[in-house]
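The block underneath contains the structure these notes are about, expressed in structure tokens.
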Amino acid sequence: MNLKVQRKLLPYLWQKFSLVKNFIYKFSLAMKLTAVLLIVASLQISAKTFSQKITLSVKNTALNEVLQEIRKQSGYKLVYNTDQLKKSHPVSMSVHEASLEETLAKAMTNQPFEFEIEDKTILINPSLRKTATELTPAVQKIVITGKVADGKGPLVGATVMEKGTKNVVTTNDKGEFSIKVDQAGVMLVFSYIGFSKKELPASTTFMNVVLQGGDMGLNEVVVTGYQKIDKKTFTGSVSQVSKELVNRSGYTDVSRMLQGAAAGVSVENVSGTFGATPKIRIRGNASISANQEPLYVINGVPIASPANISVNQLYSGDPASLLGSAIAGLNASDIEDITILKDGSATALYGTRAANGVISITTKKGKKNSTVINLSTAFTVGVKPNINQYNVMNSEQQMDLSRDLFNYGYLSVLNYPSTTGAFSDPYMRYANNQISKDQFNAELNRARSVNTDWFDVLFRNNLLQEHSLSFSGGGDKSTYYLSGSYANDNGSAVGYNMKRYTTDFRVVLNLTPKLDVDFNLNASFRNQLSPGTFNGTQNNFETTRAFELNPATYAATTSRAMSPYDENGNYKYYLRSYAPFNILEEINENFNTLKSQDVRFAVRPTYRITKNLTFETLVSARKTSANYDHVMTEYSNVAAAYRVATNDKLRSLNPYLYKDPSDPNSIPETILPRGGILEARQNIGNFFYMTNTLSWKQQFNQKHNLSVFGGFELASDKVTSSFTRGYGYMYYGGKIISPSILAMKKALETDDRYYIEGFTQENRTALFISTQYSFDNKYNIELAGRVDGNNMFGRKTQTRFLPNYSIGVSWNVDKEKFFSAINSAGKIDYLKIRGSYGLRGNAYQTSPNINANYVNLNRPDAVNSEIGIRIFAPELYSLSWEKDYTANLGFEIGLFNKLNLVTEFYSRRNKDLIKSSTVGYEDGFSSKTINWASLKNEGIDITLGVKDIVATRNFKWGADFIFGYVKNTMTEGDLFSPLLTEKTKPDGYGTKGKPLYGLYAYNFAGLDANGQPLFKDKSNGNVVDNIVLSSTNDGLITYMGPRQPTTTGSLTNTFKYKSLELRVFLTYSLGNKVFRSPMVKRIYADDLAASQDIDARWRTAGDERLTNIPGLVSNIQNAYLSSAFIQNEFAYNRSDLMVVSADVLRLSEVMLSYNLGPKILQNTPWLKSARLTFSANNIHYWASSKLRGVDPQSLITGVSLPNPRSYTLRLIAQF
């Protein structure tokens, strides 16, 4: 269907940016030339390094003023502790055209401080060096030597102190140190601004010390994408993802690594197929009909999925779901930092796009005056599933069930079954006199012992290769970072494989002391293969799919009495859709191909107008292209099904044949006399984003710090899609189409569109401002406001704009004087209390315009057929923003220099949510999408980190615990008398006062004397045995609990022994309920595996006291139940008896790594460092035994696969 969205906002501005649109279109052609020119330019600039020249003359001037003047002339940033600077002495000096180092050296003469220059930052530290006389010992001392680094390079000026003494030294320009101590084994304390302290016993061997960044550093910052903010003054709620989790092996898609990474962030890896997005919810559900995924931001640029995937398709298993991940093209080795923004204060500047939270990703860039080459190579082996994990009948049980069904009047071949299995296939050939009775019995006996492990047939121990190489470095005036990666997965199941290529290029040019330019270019390319998959349809609110080929579904639901090969080793065929079928052959002849490209660039000039005022522009353009085709060759079962017309009976049964509606006496015939079918889809995305911002910072009287940040945003996302279906596709005949007249005729008569083209264009604009004030580093307040405009709403102009706001406050209690008295022992490292409140919004990602199409109105008499217009959905004139009112209260404390605790309480009120509502038929529609529903989410997040639980000379143990709890409630949005088939759907259903996704089940009341299920009607206390699908009687069902987890988190234990490190990572998900896999059927198909539980079914009178599993019904009973529309088996599979807990504890990763020490590397001076890692992922999970081996978080259908257990060997080296 065509989706046309008129550009209503800012037409004038859009015309001004037409050149940018043309550039996006031509960008892929110019990409290579641009990269080459920038590399050459950066290398030339890097070669011309020189120091800043400073002229200064002062007399008896405060050191702070002198430093500010140096900062102004040099353009360098300045970091120092205001309280410590009060101890400085007045400065008298005069320099002319002096270097920065010379100027600082004179300024620091006779001062109790030292200076360090790192990148473009001047660090002022308390002076810790002592004279040789002071350090001269009375007794002979030993010399301890070593090197301090941060894992990337040496740390110059790091402090090395003998604990409990004044014996202190600092590292030289190579990060090396030499300190004299009384004896080996004394404790040395290593520290550096912005890094965690580390204590190690002194060793007579050369010590290699690596400091971890960002625990309680002076200039620790929070990266929001828009800004970098001092964490001590930050008022919002954020979680920084551990780099160890980002570097996990075996996960090609970064988004999958976020499971258990942050409190309040629920991540369910519902599919193991690359490209499918995990289900991520940050602090509950914020919408009903609109998108609930978080916003990804890469280097300040919001990133959407490469195709306009509908909300319903994200986890559907449809081919389009492979394009659901917005960051599938991002190489994990390129990531420097991941920060998750959760509350209104943290996400304020993103406005309406941040209602579901923000995941801000910062990629790596080069360091000045260095050259580094990093290599990462990993090999991952995935382990195929085992049939013993699943609760399915063996061959003997299955054949006994088939025999019983035959005795009950089923499995007859007189009616030409559409599918056959291990019993009905030889029986059909016997009935057709193709085999003798002895041969028939022999085949049945053989089938009783086959016990095919379909997982062994369709799955394999796959090999995933990941290789990444990067070059980084720079000079005084520029830095560069260039990387490339390659990933190749040969597929955990037959019919799957994937190849991905990525490249990332980033250059930062310091063109003048006031002007910097940050340029980033990223490209990714992917080729992927999967079994042929049609889009799913809903049947009683469960997904069904024609010609399902999913290997996991087939392996878990196919009779083990069937075999893929005959006794001669050839493919063995059964019937499916009346045509011969073999799963292995069909996967080769029926497949999906995906080819996608994603190229984006961003340029960010930063101009420092004054020392306090900075102007910044960010311009980004992105182009995506995805072609995903469904190929059904001329030899596929699908094509054969369209040609089954052997006799009159089959012609009347086959739904894929065509019968002329204008001729009552016509004979059904095939529309596919030759060839197969091709369904070709294409999505092309053009994305443009621009912001212009001003930032002003000022300090008054060394106590008042004021920061104002504001600007405007302009963005446009356009995705064009097309679909083409071709009948008569000759895949093996030159990939051409052999046209079918009947196929075209049928398409016209049934209004089956063989070509569809459409587009969605979302235009956005915003104005925003944020003000931060800090008094004496104790009291902090932040006010932010933003006005968003969007064209994805109705013609009512005032609904298109939404003002949103936030206010945040924080109190650094540890800075108070009274706190120093309380904390005289120094056991409390820091204490902070913060709170925030804000309004965010969410936009509906569907056109508000009237949805109408031309339609062929066909009647039996062709003369009266005509073309008309059908209105599928009305205009949404007053559709408006969804609103999210969020409040947060946080408490942070550090104890004993080893324990860090963050506890947060939050409340969200989501109002004006968009949901379909029943309306009067006089409107011309039975329902209409309007703003009328509401939700609330309340919860608590806890993050606890403990380092050095045990700390000895060679051994350390640390742990991190993450806990998140959320209670979700729908406060408005009940529909009028919904069907019980909808209220009991497995995905969950929302009613007022209960969760948005609550699980409801029929009230099972046991079996009757005939072994058939009974149900209790709680509205009157009666027991009934006649459930119909059209029932709306709520007395028949009961609320069982939430469908989505309420509690999520993780536990990480890290053990270090010398150069060895062991990490054990567990994740957990608690508090939700699910249905077991459907078990009971009225008629058990011969080709489908039955649950082993069915072997304990009711068989004779009195068994109802021993079992709760219904017995078989005769074909006469079946005829009666069908005529009365009774569906007791449906209700049984959705009864409270089938509800189980979905609590799961998962051993997600065990990692063992070894850092190659200097002794090993001494003969390879060209190799700076190396690390060898072995890890196991998704090793085991503990869940209810009633699930019968099914992972409660997996949704297996279409192209989706279960997450495999895997083992990875990885080498990381730096040159």
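Here are some notes:
- E875 vs. criteria charged (D, E, K, R), surrounded by fewer than 22 Cβ atoms within 10 Å (Cβ to Cβ) and farther than 22 Å from A933 by Cβ: no
- Those residues of the range 342-377 which are more than 29 Å from S266 (Cβ to Cβ) and in a strand (DSSP E or B), in sequence order: S370, T371, V372, I373, N374, L375, S376, T377
Here's the yes/no breakdown for (1) closer than 30 Å to L996 by Cα; (2) outside any strand (DSSP E or B):
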| site | (1), (2) |
| --- | --- |
| T1100 | no, yes |
| V1113 | no, yes |
| L1137 | yes, yes |
| E1149 | no, no |
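- Single match in R909, R953 (criterion: within 27 Å of K832 (Cα to Cα), touching a strand residue (DSSP E or B) at 6+ places or on another chain (Cβ under 7 Å), of a type in the set (K, R) and surrounded by fewer than 17 Cβ atoms within 10 Å (Cβ to Cβ)): R909
- Strands (runs of 3 or more DSSP E) contained in the range 189-236 and holding at least 2 residues modelled with pLDDT of 85 or more and touching a Leu at 6+ places or on another chain (Cβ under 8 Å): 198-201, 207-210
- Residue in the range 647-672 that is surrounded by the fewest Cβ atoms within 10 Å (Cβ to Cβ), counting only those that are under 30 Å from N592 (Cβ atoms) and without any contact (Cβ under 8 Å) to a residue 40 or more places away in the chain: P655
- Residue match in the range 310-327 (condition: closer than 19 Å to Q240 by Cα and either touching a Pro at 6+ places or on another chain (Cβ under 8 Å) or not basic (K, R) (or both)): yes
- Test for G675: is it on the phi > 0 side of the Ramachandran plot, crowded, with 17+ Cβ neighbours inside 10 Å and either touching a residue at least 40 places away in the same chain (Cβ under 8 Å) or in the same structural domain as R71 (by TED's automatic domain parsing) (or both): yes
- Cβ pairs under 7 Å, 6+ apart, first in the range 611-630 and more than 30 Å from I684 (Cβ to Cβ), second of a type in the set (K, R) and part of a strand (DSSP E or B): N612/K697; T614/R608; E616/R604
- Strands (runs of 3 or more DSSP E) completely within the range 799-915 that count 1 or more residues being in contact (Cβ under 8 Å) with a residue 12 or more places away in the chain and among the basic types (K, R): 828-842, 866-873, 882-895
- In the range 510-546, of all residues being of a type in the set (D, E, K, R) and farther than 28 Å from T362 by Cβ, the one that is surrounded by the fewest Cβ atoms within 10 Å (Cβ to Cβ) corresponds to E542.
- Considering (1) among the aliphatic types (A, V, I, L, M); (2) assigned to a helix (DSSP H, G or I); (3) buried (at least 18 other Cβ atoms within 10 Å of the Cβ), the lone condition that A602 does not fulfil carries the number (2).
- Residue within the range 1138-1152 that is free of Cβ contacts under 8 Å to residues at least 12 places away in the same chain and of a type in the set (K, R) present: no
- Listed conditions (1) at pLDDT below 80; (2) within 21 Å of L63 (Cβ to Cβ); (3) of a type outside the set (A, V, I, L, M, F, W, C) are all met by T170, apart from (1).
- Selection status of T1197, part of a strand (DSSP E or B), touching a residue at least 60 places away in the same chain (Cβ under 8 Å) and either within 30 Å of F547 (Cβ to Cβ) or not assigned by TED's automatic domain parsing to the domain that holds K147 (or both): no
- Residue within the range 739-746 that is within 30 Å of A304 (Cα to Cα) and outside any strand (DSSP E or B) present: no
- Test: residue in the range 1161-1180 that is out of contact with any Phe, Trp or Tyr (no Cβ under 8 Å at 6 or more places or on another chain), part of a helix (DSSP H, G or I) and more than 24 Å from R1076 (Cβ to Cβ): yes
- Every condition in (1) outside any strand (DSSP E or B); (2) under 30 Å from R71 (Cα atoms) is met by V507 except one, and the failing one is (1).
- Selection from the range 1094-1135 of residues that are charged (D, E, K, R) and touching a Ser or Thr at 6+ places or on another chain (Cβ under 6 Å): R1134
- The range 922-953, residues that are out of contact with any Pro (no Cβ under 8 Å at 6 or more places or on another chain) and under 26 Å from T799 (Cα atoms): E922, S926, S927, T929, I930, N931, W932, A933, S934, L935, K936, N937
- Pair list, Cβ under 6 Å, 6 or more apart: the range 564-582 residue assigned to a strand (DSSP E or B), other residue of a type in the set (D, E, K, R): Y565/K572; Y571/E585; Y574/D425
Conditions (1) over 25 Å from the mean Cα position of the chain (by Cα); (2) polar (S, T, N, Q), marked per residue:
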position: G536; (1), (2): no, no
position: N568; (1), (2): yes, yes
position: A579; (1), (2): yes, no
position: I583; (1), (2): yes, no
position: K595; (1), (2): no, no
position: V599; (1), (2): no, no
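- A98 aliphatic (A, V, I, L, M) and either loosely packed, with under 13 Cβ neighbours inside 10 Å or at pLDDT 80 or above (or both): no
Let's see how each residue does on (1) under 30 Å from Y416 (Cβ atoms); (2) touching a Phe, Trp or Tyr at 6+ places or on another chain (Cβ under 7 Å):
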{"position": "L613", "(1), (2)": "no, yes"}
{"position": "S620", "(1), (2)": "no, yes"}
{"position": "A641", "(1), (2)": "yes, yes"}
{"position": "P655", "(1), (2)": "yes, no"}
{"position": "I677", "(1), (2)": "yes, yes"}
{"position": "G685", "(1), (2)": "no, no"}
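- When each of I741, I736 is tested for being β-branched (V, I, T), closer than 30 Å to D648 by Cα and either free of Cβ contacts under 8 Å to residues at least 60 places away in the same chain or surrounded by 15 or more Cβ atoms within 10 Å (Cβ to Cβ) (or both), the lone residue that passes is I741.
The values are calculated or read from the model by the stated rules, or taken from the named source; none is laboratory data. What you see is a predicted model, and the numbers here were worked out from it, not measured in a lab. Neighbour counts are summed over all protein chains in view; Cβ atoms, including those assigned to glycine, are modelled from backbone coordinates with ideal geometry.
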